[in-house]
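Nothing in this text is a laboratory measurement; each read-out follows from the coordinates by a stated rule. These numbers were taken from a predicted model, which means no experiment stands behind them. Glycine gets a Cβ as well: all are built from the backbone with ideal geometry, and neighbour counts include every protein chain shown.
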Amino acid sequence: MNLLRKRIFSKYDQSEDTLEVAYVVDSVQDITTLNFSENCAEKLCSKSKGFSTRKTKTFKNSISEIYKQKFVCHRQGFSYEKYYMMKKRKKEPRLETRIGCEAQMDVKFVPETGRCHIFYFSDKHNYDLLDTQFSAMLPAHRKMLEADIMQMMNMLKYGISTSQIFGLLASQVGGYEFVGYGLRDMYNEIARQRRQIPGDAA
């Protein structure tokens, strides 16, 4: 299997699942020969190719265990026509994101090993994919690590602003392009953490 020696994830992202596919796979045949930890195959492969995925179909066995999952490109399909025909629109419509892309992948889960593998992968995109250094900023791939969350919440207790914390985390990993999430994601995570604390209305 021929792999291109190029990092595709944040320098600070050292999770086990990330390290399984730390390099760009240069062919569809290579992708179908890999196996992954459960629930990570589609994210890792789509991230390495410069797009993101969403679920469309789930297959279950007789005891309701998922054994196969179908994923499509996040730009698959088209928006409902009613969104184009709204007469009392108060805001400008958002840019079109669904443009009928036909790329998809099917993932099988193997209960005996706790692993999964991609047994079908169609790479037929009808748009230009992102450079892999920017794919981490797609909504489906933006995620704060637990270590980052803990560090952020601790610094907030000492009065450090969120924007300053973001700059500090970026400096730790070598630049904003390697953080893997944005400032808005940090504000959302702060709100989520505070909702989990009883009686915290801040």
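What ranking do V110, V179, V173, V72 get, fewest neighbouring Cβ atoms within 10 angstrom at the top?
Working: V110 12, V179 28, V173 16, V72 19.
By the 10 Å Cβ count, ascending, the order reads V110, V173, V72, V179.
Sorting M150, M186 by the number of Cβ atoms found within 10 Å of their own Cβ, with the fewest placed first, yields M150, M186.
Sorted fewest first by neighbouring Cβ atoms within 10 angstrom, R89, R54 come out as R89, R54. Restriction of the chymotrypsin sites (Phe, Trp or Tyr not before Pro) in the stretch 91-165 to DSSP coil positions whose beta-carbon has at most 13 other beta-carbons within 10 angstrom yields Y127, F134, Y158. Only lysines eight or more places from K82 in sequence, or on another chain, were considered; those with a Cα closer than 16 Å are K90, K91. Across the stretch 100-193, Cα-Cα pairs more than 18 Å apart make up 60 percent of the total.
Within the stretch 102-164, report the GluC sites (Glu not before Pro) that DSSP leaves as loop and that have at most 14 other Cβ atoms within 10 Å. Provide the component values of the computation, followed by the final result.
Details: sites: E102, E112, E146; in loops: E102, E112.
Hits after loop and neighbour filter: E102, E112.
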